[in-house]
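Structure record follows, encoded as C-alpha cells.
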Amino acid sequence: MIKVVKFGGSSLASAEQFMKVKDIIVSDPDRRFVVPSAPGKRYSADTKVTDMLYSCYNLAETDADFDDTLKAIATRYQEIIDGLKLTVSLDSEFEKIKADFKAHAGREYAASRGEYLNGILLANYLGFEFLDSAEYIFFKENGTFDAEKTNDVLSAKLRGMSNAVIPGFYGSLPDGRVKTFSRGGSDITGSIVARAVQANLYENWTDVSGCLVTDPRIVENPKVIDVITYRELRELAYMGFNVLHEDAIFPVRTAGIPINIKNTNAPKDPGTLIVENTSRKPGFTITGVAGKKGFTAINIEKDMMNAEIGFCRRVLQAFEDNGISFEHMPSGIDTMTVVVHQSEFETKEQTVLAEIRKLTNPDSIDISTDIALLAVVGRGMRSNRGVAAKIFSALDRASINIRMIDQGSSELNIIIGVSNNDFEDAINVIYHAFVQ
C-alpha cells in the first residue's frame, strides 16, 4: 500500500510540530511520500512564513534594505533546526535567496521558498530524499498547470523510490522560472504526487479533525463529516468550504484515489474520507451547508420568453461582453434571473443593462442587491422527503425572508438566497434543523 501525506503550515510551524509529524509518518510505513507546506502560525498573533517572504520581497522589489526581514525568516527556520537538534545548515540557501531577491527573481519565487526550505528540513529530519518541485512539476507558457508532462516526469522519478519529500505549492515554467499555485496550493501538490505514484490513499493533515458540516466561526462546534463524495465537496468548496483547496480534487478524482482529511494534533481521530462514490449512509440528511455574501440578482421579464429562441443566450452575451461571469440562473416561463458578484457588476451595471435591453427588448428589468447565497448539499437529500419544506419552514420560523431558490435536477444541493444581514442566522437555522 502507498500513502501520500501532505502537512499544512500549522502542522510544521515549529520543532514541536515537526516531532508530531515524524511520529505520524514513522507509525505507518505505507506513508512514503511527504508534501510539506511552509511554516504557518505558531500562535494566533504570529505571522506565516509565506507572508514574511512576501513582505521581504516587497522591500527587495523597491531596492529597499530587506536584511532584517530576511534574518527574521532565517531565525524561524533556525529555531526549528535547533529544536530538532539537526546538523543541517540553511546559510547557503539564504545567501542564494538574498541574491535572487536583489535580482528581482519574482514574487512567486519568493513565496515558494517557504515550502522549499521546509522540505529540506523535513527530508533531513526523516532521512528521506528531497526533490525540488521546480524540477518535477511543470506549468505551460501561459501559466496553466501541465498535468500530463508533470505526471510523466514525476512518475518516472518516484518509481522505485522508497521515500521522498516533495515541497508543495510550486513548480516551474518552461524557461525555468518558479511558478506557484494559488494560496493553499500545497493541497494540489499532494494530489499530483498521489496520482503520480498511484497511491492507495492521499492523507491531508491539517489542524482540524476533518471537514465540518459548516463554518465553526458561524456555528459553535459543528459536527465532523465522516464521508463526503467529490461532487458534494465540489459544491461546498464553490461556496467557500475551504478545508481543502478546490483544485486538489481533480488529479486524485480522475485516478480514483480517496482523500483522508486528518488532524496532526489528534492523529487517532478518523477525520473525513473524501471518495468518488459510497454506499455508506450519511450521518445526517445534509452533508454540509456553506455560503457567501455579496451577490446581485438581475431579474428579466418578457411575455412568451420561452418561445423566443436564443433569448437566454443573448442575455448572457451582455454579461460575457463585459467580462462578468454568472453564478446561478434560475428561470420561469416568462422570467429569468442572472446572479452575479455584486462587486464585479456595480462598475459595469449600466453598460450591461443597456446591452440586455438592446439585445432582448424585455418588458422589465429589476435588480436585487446585497444577497447572500447558501448551498445546502447532501447525497442524503435524494432519499429523504420534505428536505426543501424543512429548510423553508425553519427559515420562516426564524423570520428570515427567502429571496431566491435554485435547485438542480441532481437533487444534490439547494441554493437559497437571503439578505446579507440574515446570512449567519440562516446558516445556524439550517444547521440546527438537520444536525442538532
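The values are calculated or read from the model by the stated rules, or taken from the named source; none is laboratory data. What you are looking at is a predicted structure, and each value in this text was computed from that prediction instead of being measured. Neighbour counts run over all protein chains shown; Cβ positions are idealised from the backbone, glycine included. These area figures cover heavy atoms from the full protein model, side chains too; ligands, DNA and RNA do not enter into them. Shrake-Rupley method; radii C 1.70, N 1.55, O 1.52, S 1.80 Å.
If you take the square roots of the eigenvalues of the alpha-carbon gyration tensor of the chain and sort them as a ≥ b ≥ c, do you get rounded (a/c under 1.5), prolate (a/b over b/c) or oblate?
Here the chain falls in the prolate category.
Each residue of the stretch 429-436 in order: what ³J(HN,Hα) in whole Hz does its phi give by Karplus 6.51 cos²θ - 1.76 cosθ + 1.60, θ = phi - 60°, with x for Gly and Pro?
Per residue, the Karplus-derived 3J(HN,Hα) values read 4, 5, 4, 6, 5, 10, 9, 9 Hz.
What aspartates and glutamates sit close enough to Lys41 to cross-link, taking a C-alpha to C-alpha distance under 15 Å and skipping anything fewer than 8 places away on the same chain?
Partners found: Glu16, Asp51, Glu79, Glu115, Asp207.
Can you list the residues of the stretch 125-143 with backbone N under 17 Å from a point 7 Å past the Cα of Asp175, pointing along Cα to Cβ?
139-143
Taking H placed 1.01 Å from N in the peptide plane, check which residues at least 5 places from Ser14 or on another chain put their amide H under 5 Å from its amide H.
none
Report the Cα centroid-to-centroid distance between the stretch 67-132 and the stretch 259-304 in angstrom, as an integer.
36 Å
Using the Karplus curve 6.51 cos²θ - 1.76 cosθ + 1.60 with θ = phi - 60°, what ³J(HN,Hα) values do you get for each residue of the stretch 13-18, in whole Hz, with x for Gly and Pro?
Those phi angles translate into 7, 8, 4, 4, 5, 4 Hz.
Under a GNM of the chain (C-alpha, springs under 10 Å), which listed residue has the highest mean-square fluctuation: Asp425, Asp30, Asp68?
Greatest mean-square fluctuation among the candidates belongs to Asp68.
What residues qualify as long-range amide H neighbours of Ser172, i.e. H under 5 Å apart, gap of 5 or more or another chain, H built at 1.01 Å from N?
So Ser172 has HN proximity to Ile137, Phe138, Phe139, Lys179.
Of Ile166, Ile192, Ile81, which is the most mobile in a GNM of the chain whose springs link Cα atoms less than 10 angstrom apart?
Looking only at Ile166, Ile192, Ile81, the biggest GNM fluctuation is shown by Ile81.
Work out how much length Asp425 to Asp51 would gain on full extension: take 0.36 nm times their residue separation and subtract the Cα-Cα distance, in nm to one decimal.
Working it through step by step, the gained length comes to 131.3 nm.
Could you rank Arg31, Arg253, Arg107 by how accessible they are, 1.4 Å probe, largest area first?
Arg107, Arg253, Arg31
Estimate the FRET efficiency between Asp334 and Asp370 by the formula 1/(1 + (r/R0)^6), using the beta-carbon distance for r and 35 Å for R0, to the nearest 0.05.
FRET efficiency, Asp334 to Asp370: 0.85.
Under a 5 Å amide H to amide H cut-off, with H placed in plane at 1.01 Å, what residues pair with Gly291 once short-range neighbours are removed?
Ala375
How much of His104 can a 1.4 Å solvent probe reach, expressed as accessible area in Å² and rounded to 10?
Around 80 Å² of this residue is reachable by solvent.
So which of Lys6/Lys292; Lys102/Lys179; Lys3/Lys262; Lys3/Lys48; Lys223/Lys262; Lys6/Lys157 end up more than 24 Å apart, counting from Cα to Cα?
Too far apart for the 24 Å limit: Lys6/Lys292; Lys3/Lys48.
What is the distance in Å between the Cα centres of the stretch 385-436 and the stretch 147-185?
Taking the Cα centre of the stretch 147-185 as reference, the centre of the stretch 385-436 is 42 Å away.
Could you do me a favour and compute the accessible area per residue for the chain, 1.4 Å probe, result in Å²?
45 Å²
Between Asp28 and Lys268, with labels modelled 7 Å along Cα→Cβ, what's the label distance in nm to one decimal, could you check?
Using points 7 Å along Cα→Cβ, the separation is 1.6 nm.
In whole percent, how big is the carbon plus sulfur part of the accessible area of the stretch 148-294, probe 1.4 Å, protein atoms only?
46 percent
Please check which bits of the stretch 35-51 a label hung off Arg183 would reach, taking the label as a point 7 Å along Cα-to-C-beta and the cut-off as backbone N under 11 Å.
48, 50-51
May I ask you to derive the relative contact order of the stretch 118-224, considering only C-alpha pairs under 8 Å and at least 6 residues apart, and to give it as an integer percent?
Once normalised by length, the contact order is 23 percent.
Tabulate in residue order the Karplus-calculated ³J(HN,Hα) for the stretch 80-94, using 6.51 cos²θ - 1.76 cosθ + 1.60 with θ = phi - 60°, rounded to whole Hz; enter x for Gly and Pro.
5, 4, 5, x, 9, 6, 7, 9, 5, 10, 9, 4, 5, 5, 6
What residue among Asn204, Asn260, Asn124 shows peak mean-square fluctuation when the chain is described by a Gaussian network model with Cα springs under 10 Å?
Top of the fluctuation ranking is Asn124.
For the stretch 45-182, what does the alpha-carbon gyration tensor say about shape, rounded, prolate or oblate, given a ≥ b ≥ c as the root eigenvalues, a/c under 1.5 as rounded, and a/b over b/c as prolate?
Here the stretch 45-182 falls in the oblate category.
Share of the stretch 309-396's accessible area from carbon and sulfur, percent, 1.4 Å?
Carbon plus sulfur share of accessible area: 47 percent.
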